[in-house]
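The values are calculated or read from the model by the stated rules, or taken from the named source; none is laboratory data. Just so you know, these numbers come straight off a predicted model, no measurement behind them. Neighbour counts are summed over all protein chains in view; Cβ atoms, including those assigned to glycine, are modelled from backbone coordinates with ideal geometry.
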Amino acid sequence: MTGKSITIDAVDERTKSPHRYWILNEKIHHAANEGYKHIILKNVFGQRFIAACMEHTDLKIDIYGTPGNDLGVFMSGPTVEVHGNCEDQTGNTMNSGTIVVHGNAWDVTGLAARGGSIFVRGDGGYRIGIHMKAYEEQRPVIVYGGSVKEFFGEYMAGGVLVALGMKINGSKVEDVPADEVVRGSLGSGIHGGTIYVRGNVPERLLGVSATAEQFTQEDEITLRPILEQFCRYFEVDMERIYEMEITKIGPSSSRPFKAYYNARSV
Amino acid sequence: MINVEPEDVRNPSSGLLWCDRGKHGRYGDTAKIGEKSGRLGITLPPNGFRREIEACGIAGLINTDGKRENGERVIKMITTMYDRENGLGAGYACYGLFPELANKYCIQLLLDDEEAKQRVEEYFKKMALIEKDERVFTRAVKGMKEPYPLIWRFFVEVPQEALVGSASGKSEDDYVVDMVMHVNSLIDGAFCMSSGKNMAVFKGNGWSNEIAEFYDLADRYQGYMWLSHSRFPTNTPGWWGGAHPFNILDWGLCHNGEITSYGTNKRYVEMWGYKCTLLTDSEVVTYLWDLLCRRHQLPIQVASVAFSPKYYDDIAVLPTDRAKVETALRMVYGRAMINGPFSILVGTNRPKPTMIALTDRKKLRPMIGATDNGTVFASSEECAIRRVADPAEVWAPVAGNPIVAQVGNGLISAGMRDYFEQKKLVMEA
Amino acid sequence: MPAKVEGIKIEIPSRFRVEIDRERCKICRRCTVNCTFDALYFNDERIIARHENCVACQRCAMKCPQNAITIRHNEMAYPPHASYTERIRRIGWEQASTGGVMLSSCGNDLEYPIIFDDLVLDAAQVTNPAIDPLREPIETKCFLGGKPAKLDFKEDGTQVHFGTKLPPNIVLNTPIMVGQMSLGSISYNAQMAIFKAAMEVGTIVGTGEGGLHPDFYKYGRIINSEVASGRFGVNPSYLKKVAALEIKIGQGAKPGHGGHLPGEKVSTLISETRMIPKGTDALSPYPHHDIYSIEDLQQLIYALKESSRYEVPVGVKIAAVHNVAAIASGMVRAGADFITIDGFRGGTGAAPRIIRDHAGIPIELAIAAVDERLREEGIRHKATLCAGGSIRYSADLVKALALGADVAMIGTPVLIAMGCRVCQQCHRGTCAWGIATQNPAYSQRLDTEIGARRIANLLHAWTEELREICGAMGIDSVEGFVGNRDRLRYVGPNPRIAEILGVKHAGEAWG
């Protein structure tokens, strides 16, 4: 059993309808507990909570289809590769492990992530990486190849968030128009961690307490291995990424709201 | 392994006889609420009209080449999103199903019984010309508890003489709106599901697949636009009239979310003559569309801007003319602004059959659009679209920006660019 | 976005005066060491008080070996005004000084009617015997979790088959649970004391939204992990090695607001447990950013159930607000195994006064409304109803149960048991009693063994008083008491309240 892979069809062969998510997840947990190290899911149509809270560090799950909300929620260890688009809340409160998406992943990806990595080839929606946090080696990383919308990195407390603004279509790579890479309220409320955006970021897009900072040698050391991983997964040329300057955004203060409150009693 | 059957926990029928509840006694008993009597759970809600919190799935499609199809695809879409419903309400709207009677208003009703139908018929005979009326086909569905309502439709025409005497220049449409309001608030045992031309709403208290089977939507009707909705109400066991799509004239509305500005919006539309009898958010939103688009003649995309306007900080960086117009919209239509998380799917026949999908300006509810071979899809989740098509383009519209698709004009707006950027703004004042 | 403001110093009379009896004072200076608010110092001659810094926490007075200190209200005269009260004038001066949102801690301290105090209890007489709690059993055990509607039994000749799988439930020895107080808002020592006491008494304790320190995993079987909007400390162990999971949607002290731990209290320890930079404010987002609508709550409940493989009860906590009955109904339908409602007097480690003192509704009305609505909809059995937010002492406990709550949730009384004076300074992080601080020099003042003993004593005392009341009513098991509104009567001024509570007015008989 160890080392062998198993394929699970997410459509019920009798009724021809998609399996309800708890039935599919039960099959996945069962296979993982039986010792399978590679699980392939076919015909996935919106089932939620796949790989929820799984702690198997040597497990690989390949998903063909469209996994539903909360893919990898609370996950701590496995590698999940999606051959399709994801819905919302991918990698929600993720603890460790890797999620790779050959497609888009919409809103609230990596909410409260505390570790692990999420690589998305395509576009994202709103509130990606909201409230990510880090401590020493526990450091979450989220990279989007395409464009993202408002509130990217809201409340960020730690970790690395990257938006590259590249439309990747097989071997063809086009640049997303400059004003569409990221949108307003970028890093609103950031008090830790770093956001990297490929290209220029106009100041009016920056959120509360977010500020553009100097890209230094240290940032290069942090970013390069992350981008190398991204390039490997999606077969992109590293040089193409560095054709544009990378803007670094960080917190202007670790206590942006200190003056907002009055602690004295009356 | 799991030691609890989640199905058990989730299924509203387990351990709970949903037809057996209510302060007023058994489901199906007749009672009076306000002015009106009716059967609880069918034409009246079991525990009185209460503000509902709506949570749900929505899905729709429109064939912009005008090609008509049966309900199979839309049913597959909505039933894929099973986790968004809890079996207490679902519904469908079909546009284009009565081509031979396309210029008559089709009023489709939920009725307690034959007597209720007589009462409605008498009222319609007094008020309008009945071209044709017939029983709407339904069949028993295993799992859906009886009693079922009687479903009937009337094709009516407004007599010209009825409009002539009207002092305020009432139109045919206004006349029909009044008739519908009368039926819903005053005729015992009757509820209007829809009142538009060449369109009809089929809804009820059950799972989305059950309602589809009940009305035989997979085979019986052909339309170029289908909307659907599955519900997760948080209050009372559902009632047939409370499901979506909600409707007035040819406006069909499916709504996911909760309107925090409800109290303000309600008082605004009431000022313009609408009666909010059902206390649901969806009712108010439907009337807002009717008010802004039909009565105030705002283009659909301009109405969308009024409902989900830009923030003042963003208006400040626009070119002068655009800033003026966007500010004017906020000034005049401030009370029509819909606040709170929402995702809505709207269908209308004017000026041509059109499907609109709109989200709130903070994008707190999901919406995905797609095109495939002459059809435009909109849905809460991508998986619903993937089940029925292999679309060329899939996208998520920008918050507060509508997807608009129209028969004969294709995809007018994908919801990605500002309206006043797409069209040239000419200032006359 | 908050506007930029400039602070400016304004003179405001102090609230208290520290009076030192110079005849008794031996200038041992113990008071200057004990005061953590910089209200006492030694000027090389004698002890001097900075009255404007005194918060009346009584630490100095209790620790003075000569009993030489008394704290008094500052008797400064304010020109009398019935509507511009002293407090309102002071708020004006403070805000003109800092331009800031007024912050406070503990529960609502304004005078609103306390409905518990308008309820009286029945006793059995003549027609029914009272039961003696000292010599006869009166059971207080209860179960937290959803229950099935019925049990399946099938007789088959000489056998009878039992066929129901019970959903996960936790046994509580007494219908009192400790609410959510985070490591961060209270100290490591205080939290350990509470966990120890709960282990002994046999009830559960909330972790609060600060995560669970690795040293505390050994208390897993009495722990109710909170999953709040900031998701602090939420890792797989936090979800799997505990007794229950509770999603925090809101809390009574600040409906609509997220948790708030001021930067002063984010020490190295907190930085590690919560994974945020040291010294930053830990502001939890107001909503969960994956819950914008009721079906999203269902999604999070099932994400937690899937993660714990359906082995523990998953509950939801909300603040008591206007629409609480409909929301509670929605939560139960969304799959919650227990719901906790927190009334508008609930405590907090830090909250803006404007929210704490003015938002929310009384827990008494909320309990009655929620219990009634769930019964109306036929779903009362699906979730255990826990309620709190100013359940101050055993009389409140008893009345809350009679109104319909299965379990009472307490916070402030547990802190009072450890020595808290309710001086409302928790948010400043310098609690002199070592309870609401992260400064190790102060928190070591709280001995965990003694603290645990004191809390256990409190819970024992309340349980005995509950048994006294049940016995007096002739009820020998708490199940017969929960929701038994017939045993209450209303003696307050507003009959509409009695109506909403479903309680008869005093003087009305059984029938």
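Descriptive notes on the structure:
- Residue match in the range A:50-62 (condition: at pLDDT below 95, on the phi > 0 side of the Ramachandran plot and of a type in the set (G, A, S)): no
- Residue within the range C:183-201 that is within 11 Å of chain A (Cβ to nearest Cβ), assigned to a loop (DSSP other than H, G, I, E, B), closer than 27 Å to A:E154 by Cβ and not polar (S, T, N, Q) present: no
- Failed criterion for C:A123 (all others in (1) of a type in the set (A, V, I, L, M, F, W, C); (2) under 30 Å from C:L415 (Cα atoms); (3) in contact with a helix residue (DSSP H, G or I) (Cβ under 9 Å, 6 or more places away or on another chain); (4) more than 10 Å from every other protein chain (Cβ to nearest Cβ) hold): (2)
This table checks each residue for (1) assigned to a strand (DSSP E or B); (2) in contact (Cβ under 8 Å) with a residue 24 or more places away in the chain.
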| position | (1), (2) |
| --- | --- |
| C:G107 | no, yes |
| C:E111 | no, no |
| C:A123 | no, yes |
| C:V126 | no, no |
| C:A130 | no, yes |
| C:G146 | no, yes |
| C:V160 | yes, no |
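- On the stretch given as the range C:225-242, residues that are facing chain A (nearest Cβ under 9 Å), within 14 Å of C:I301 (Cα to Cα) and out of contact with any His (no Cβ under 8 Å at 6 or more places or on another chain) total 2.
- Within the range B:68-81, one or more residues are within 30 Å of A:N33 (Cα to Cα) and at pLDDT 75 or above.
- Some residue of the range B:97-105 being more than 19 Å from the chain's Cα centre (by Cα), free of Cβ contacts under 8 Å to residues at least 40 places away in the same chain and not in a helix (DSSP H, G or I): no
- Residue among B:G57, B:G48, B:G38 that is within 14 Å of chain C (Cβ to nearest Cβ), modelled with pLDDT of 65 or more, over 24 Å from C:A149 (Cα atoms) and more than 19 Å from the chain's Cα centre (by Cα): B:G48
- Wholly within the range A:177-266, strands (runs of 3 or more DSSP E) carrying at least 2 residues that are free of Cβ contacts under 8 Å to residues at least 40 places away in the same chain and under 22 Å from A:F151 (Cα atoms): A:210-213
- Boolean, C:E226 is of a type in the set (D, E, K, R), within 20 Å of the chain's Cα centre (by Cα) and not in a helix (DSSP H, G or I): yes
- The combined condition, being more than 14 Å from chain A (Cβ to nearest Cβ) and out of contact with any helix residue (DSSP H, G or I) (no Cβ under 6 Å at 6 or more places or on another chain), is not fulfilled by B:K363.
- Every residue from the range A:238-266 that is among the small types (G, A, S) and either farther than 24 Å from A:G158 by Cβ or facing another protein chain (nearest Cβ under 7 Å) (or both): A:S254, A:A259, A:A263, A:S265
- Flag for B:A116 being buried (at least 20 other Cβ atoms within 10 Å of the Cβ), modelled with pLDDT of 90 or more and assigned to a helix (DSSP H, G or I): yes
- Residue list for the range A:9-26, filter: basic (K, R) and more than 26 Å from the chain's Cα centre (by Cα): A:R14, A:K16
- Residues of the range B:71-88 that are more than 9 Å from chain C (Cβ to nearest Cβ), more than 19 Å from the chain's Cα centre (by Cα) and over 17 Å from B:G369 (Cα atoms): B:E72, B:Y82.
- The single residue among C:A441, C:A395 that is among the aliphatic types (A, V, I, L, M) and free of Cβ contacts under 8 Å to residues at least 24 places away in the same chain turns out to be C:A441.
- A:G68 being more than 9 Å from every other protein chain (Cβ to nearest Cβ), in a loop (DSSP other than H, G, I, E, B) and under 27 Å from B:I368 (Cβ atoms): no
- Of all residues in the range C:267-299, those being of a type in the set (A, V, I, L, M, F, W, C), within 24 Å of C:A351 (Cβ to Cβ) and either within 14 Å of chain B (Cβ to nearest Cβ) or part of a helix (DSSP H, G or I) (or both) number 4.
- Counting only residues that are within 13 Å of chain B (Cβ to nearest Cβ) and free of Cβ contacts under 8 Å to residues at least 40 places away in the same chain, the range A:1-27 holds 14 of them.
- Being of a type outside the set (D, E, K, R), free of Cβ contacts under 8 Å to residues at least 12 places away in the same chain and outside any loop (DSSP other than H, G, I, E, B) is a description that does not apply to C:A400.
- Strands (runs of 3 or more DSSP E) wholly inside the range B:149-254 containing at least 3 residues that are closer than 19 Å to B:L345 by Cα and at pLDDT 90 or above: B:190-197, B:199-204, B:225-231, B:246-248
- Helices (runs of 4 or more DSSP H) completely within the range C:303-382 that count 2 or more residues being over 22 Å from C:A498 (Cβ atoms) and at pLDDT below 95: C:324-333, C:353-356
- In the range A:24-51, the residues that are assigned to a helix (DSSP H, G or I), surrounded by fewer than 19 Cβ atoms within 10 Å (Cβ to Cβ) and touching a strand residue (DSSP E or B) at 6+ places or on another chain (Cβ under 8 Å): A:K27
- Selection of the range C:408-437 for residues being more than 23 Å from C:R353 (Cα to Cα) and surrounded by fewer than 24 Cβ atoms within 10 Å (Cβ to Cβ) yields C:A417, C:G419.
- When the residues of the range A:91-125 are filtered to those that are within 11 Å of another protein chain (Cβ to nearest Cβ) and of a type in the set (S, T, N, Q), the one that is nearest to the chain's Cα centre (by Cα) is A:T109.
- Residue within the range B:340-350 that is without any contact (Cβ under 8 Å) to a residue 24 or more places away in the chain, over 29 Å from B:N103 (Cβ atoms) and not acidic (D, E) present: no
- A:K16 being modelled with pLDDT of 95 or more and either farther than 27 Å from A:R139 by Cβ or in a strand (DSSP E or B) (or both): no
- Condition broken by C:G404, with the remaining ones in (1) under 30 Å from C:P148 (Cα atoms); (2) surrounded by fewer than 22 Cβ atoms within 10 Å (Cβ to Cβ) satisfied: (2)
- Of residues in the range A:161-188 being within 19 Å of A:G110 (Cβ to Cβ) and within 14 Å of chain C (Cβ to nearest Cβ), the one surrounded by the most Cβ atoms within 10 Å (Cβ to Cβ): A:G187
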